[in-house]
1. Determine which member of the set A:142, A:183, A:200 is among the aliphatic types (A, V, I, L, M), more than 14 Å from the chain's Cα centre (by Cα) and assigned to a helix (DSSP H, G or I).
2. Examine the stretch B:137-151 for a residue that is more than 19 Å from residue A:255 (Cβ to Cβ), touching a residue at least 12 places away in the same chain (Cβ under 8 Å) and crowded, with 23+ Cβ neighbours inside 10 Å, and state whether such a residue exists.
3. Select from the stretch A:123-135 the residues that are in contact (Cβ under 8 Å) with a residue 60 or more places away in the chain and closer than 20 Å to residue B:253 by Cα and list them in ascending order.
4. Residue check: is residue B:246 within 9 Å of chain A (Cβ to nearest Cβ) and part of a helix (DSSP H, G or I)?
5. Between A:84, A:107, which is surrounded by fewer than 18 Cβ atoms within 10 Å (Cβ to Cβ) and within 25 Å of the chain's Cα centre (by Cα)?
6. Return yes when residue A:138 is within 23 Å of residue B:255 (Cβ to Cβ), at pLDDT 90 or above and within 14 Å of chain B (Cβ to nearest Cβ) and no when it is not.
7. Let me confirm something: among B:98, B:128, B:88, which residue is touching a residue at least 40 places away in the same chain (Cβ under 8 Å) and more than 20 Å from residue B:259 (Cβ to Cβ)?
8. If you go through the stretch B:174-197 one residue at a time, do you hit one that is among the hydrophobic types (A, V, I, L, M, F, W, C) and within 11 Å of chain A (Cβ to nearest Cβ)?
Amino acid sequence: MPDLKRIPLGAWFGLILCAIFLFAAIFAPLVAPHGMGEIVGDVWAPASAQYPFGTDNLGRDLLSRMIYGARTTILIAALATALSFILGSVLGFMAAVAGGWFDTVSSRVVDLLMAIPTLIFALVVLSVLPTTVVTLILVMGILDSTRVFRLARAVAVDINVMDYVEAAKLRGEGTGWIIFREILPNALSPLISELGLRFIYAVLFLSALSFLGLGVQPPEADWGGMVKENKDGIVFGIPAALIPAAAIALLAISVNLVADWVLNRTSDLKGGRGNG
Amino acid sequence: MGTSIPVLIVKRVGLGLLLLLAVSILIFAGTQILPGDVAQSILGQSATPQALANLRAELGLNDPAWLRYLHWLGGILTGDLGTALTSRQDIASSLWPRLKNTLFLAFWAAAISVPLAIALGLIAVRYRNGFVDKAISAFALASTSFPEFFVGYLLVFFFAVKWQFFPGISTVYDGMPFLARMQAIALPATALTLVVLAHMMRMTRAAILNVMQSAYIETAELKGLRPIEIIRRHAFPNAVAPIVNVVMLNLAYLVVGVVVIEVIFVYPGMGQYLVDHVAKRDVPVVQAVGLIFAAVYIGMNIIADIVAIVANPRLRHPK
């Protein structure tokens, strides 16, 4: 365990915010003062003691919807990230270990998928698929797994030539053993450092899709969708849409701060939000 | 001996065209995941079997997928993008003005963000680990974490609604005077700039820092040049290739990031057109716009590679 006193201020800020967001997401029905779809007051009522963030475009309590929204947004983003990691790393390791035609074919397919901007390809596919949560997770996870694949393959190619892997092969271990018992433990740290970035990317991506009306469908609450629901208020000077948007930004910043600390990353040529 | 530059460029462009062909297959295949459902989704559940059969015949859905693909590809190569299912309008004629609008917006965002990013990156290196550098890093962290619509609506909320400097909705039309047009795109262009600025700046900083660690920079320091002179005369020329690469990649992102920004500001560009028709499940429009976005993106990447080949002699001698 790291020494608590040596955690920098930024990381503390990130950790505490992440904990708050997670707590809200897990215990949403207990924490939220009102129900998710419950109409409690006027449309776009200003912030008050009773409704700390005011009410939304249908008169629902914005704070309660934010809390339920945390649940939807974080859960879908986490599942998509998990899918992209499992798919990307297993295929990437397999490509590195097996080599030959499997490596060539999978690498070229990944190159091809990455030649199209992620958002554009997601929109193309979502134009024919039904917009359900499962579709969203599958589309986001599969498209994002291309990036994990590249990283996993690059890391595994290096590990694959190590003596202990050679020894395991000579011992007669199968591919499954090589991948899960030799390569995976040694590839874990670069992969975990990527995890935070991919999660942020998934949150931003999901929010963008929902904002465009192609992600999570109403009446389900999710932060990107809430921005869409309340955006018409902006021109009347009602900041309701800014609150869920700020929550997304805050979540992304806090995960970034934590990831930065875990990694002790310096500014390098990686990072950013990818090609969108 | 390395290969000559023109040969390398022709090879790279050829490779890009091949990639574009593969991408067109992928985009076409991506819309065929639910075969035969297009007619059903246009007409809805209550459609009569006769109407369905008619529409399928009209759309050529009875042909095998590869034949439809060839038909589609042939149309695109001759400039015929097909007709929209929902409005029955010719796609190409409604697309070109929108493409012009999108490129206009992206051009001005690029014209602001590229010089700004390079200047800020240079300043960050000059005052490394100082206050300015830290401030720039903090800004970069914020900017990569903010969703586009947060930046966009913040701008609208303050500049359009509270202080009323600029319009919150960017209406542009043909024959609009240049200044009025510039005022209309002021906010979306600013939002786009903010979205790409940080990444471009951080990578500029990293590229120059990388150069700053080489031996000739140390020599320049030892001979007593001022730091800003070292950056201008010695570091910058060597960092140009990686910086151009960063710039092109970010411009490619800009053309794509435009999708969300256009929806925020109700700007009549390609992105809004795409999103509208995805919601309506108008597959021909989605395919056409998706392919154009992909083509622009691939084109930017080819240019980045060519600049890198021209600027860096080492890339002309592949190992």
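1. Details: A:142 fails: more than 14 Å from the chain's Cα centre (by Cα); A:200 fails: more than 14 Å from the chain's Cα centre (by Cα).
Selected residue: A:183, the only one of A:142, A:183, A:200 that is among the aliphatic types (A, V, I, L, M), more than 14 Å from the chain's Cα centre (by Cα) and assigned to a helix (DSSP H, G or I).
2. Looking only at the stretch B:137-151, we keep the residues that are more than 19 Å from residue A:255 (Cβ to Cβ), and these are none.
Within the stretch B:137-151, none of the residues are more than 19 Å from residue A:255 (Cβ to Cβ), touching a residue at least 12 places away in the same chain (Cβ under 8 Å) and crowded, with 23+ Cβ neighbours inside 10 Å.
3. A:123 - this is the single residue of the stretch A:123-135 that is in contact (Cβ under 8 Å) with a residue 60 or more places away in the chain and closer than 20 Å to residue B:253 by Cα.
4. For residue B:246, the condition - within 9 Å of chain A (Cβ to nearest Cβ) and part of a helix (DSSP H, G or I) - is met.
5. Details: A:84 fails: surrounded by fewer than 18 Cβ atoms within 10 Å (Cβ to Cβ).
When all the criteria are applied, what remains is A:107.
6. On the way: within 23 Å of residue B:255 (Cβ to Cβ): no; at pLDDT 90 or above: yes; within 14 Å of chain B (Cβ to nearest Cβ): yes.
No, not satisfied.
7. Values: B:98 fails: more than 20 Å from residue B:259 (Cβ to Cβ); B:88 fails: touching a residue at least 40 places away in the same chain (Cβ under 8 Å).
When all the criteria are applied, what remains is B:128.
8. Looking only at the stretch B:174-197, we keep the residues that are among the hydrophobic types (A, V, I, L, M, F, W, C), and these are B:176, B:178-180, B:182, B:184-187, B:189, B:191-192, B:194-197.
Adding the requirement that they be within 11 Å of chain A (Cβ to nearest Cβ) leaves B:195-196.
Yes.
The values are calculated or read from the model by the stated rules, or taken from the named source; none is laboratory data. If you're wondering where the values come from, they're calculated on a predicted model, not measured in any experiment. We place every Cβ from the backbone using ideal geometry, glycine too, and count neighbours over all the protein chains shown.
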